[in-house]
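Here the structure comes first, spelled out in structure tokens, and everything after it is commentary.
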Amino acid sequence: MSFTSFANSQEVEIATLGEFIESVDRTPVSFKGFIKFDPSEDRFVFYNENWDYFGVSMDAGRTAREQIEQNCAESGFLISRTELCQISASGTVEIRGGQVFLSIEKVDSLTP
């Protein structure tokens with residue numbers, strides 16, 4: 001599908017929502033922020049600097065997973081940044097339905 005702008009007479013390709021989601025799914029990314037492991041729900045959550053949160057798939061191996069489980073365990077929803085571990089990592093963005101997840105493939109640094 002293309003769109004012609006009458007203001008500057010240039011054709012611009014417009015992707016459908018499905019095409020856009022497909023184009024960013026599994027895109028490699030690096031990120032820094034905060035992470036917690038919630039043992040009551042058996043899940044990892046990443047928070048960026050704006051306090052936006054994302055579900056996490058741990059694909060960085062058993063050692064990294066266990067380190068986060070042991071050092072970054074926090075239950076509940078009301079938490080502060082001082083209670084979370086700082087993380088610098090890389091991996092991919094994963095789109096599942098209408099949700100964005102991070103797949104952590106390599107942990108560069110983790111500070112409890």
Query raised in the report: How many Å³ per residue does the convex hull of the Cα positions in the chain occupy?
Result: 133 Å³
Query raised in the report: Just going by the charge dipole of the chain, with Lys and Arg at +1 and Asp and Glu at -1 on Cβ, which of 28, 47, 63 is farthest out on the positive end?
Result: 63
**Report entry** Using alpha-carbon coordinates, inclination of helix 62-71 to the longest axis of the chain, degrees
**Finding:** 70 degrees
Report task. Compute log10 of I(q)/I(0) for segment 38-90 with the Debye formula, placing one identical point scatterer on every Cα and leaving out solvent, at q = 0.13, 0.26, 0.28, 0.31 Å⁻¹, to two decimals. Result -> -0.30, -1.32, -1.53, -1.76
Report task. Just need the relative contact order of the chain here, percent rounded to a whole number, with Cα pairs under 8 Å and 6+ apart. Result -> 28 percent
Report task. Specify which residue in the list 92, 103, 76 is farthest towards the positive end of the charge dipole of the chain, using unit charges on the beta carbon of Lys, Arg (+1) and Asp, Glu (-1), about the Cα centre. Result -> 76
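Coordinate-derived values only; no laboratory data. None of the values given here were measured: they were computed from a predicted structure. Using ideal geometry, Cβ is built from the backbone for each residue, glycine included, and neighbour counts are taken over all protein chains shown.
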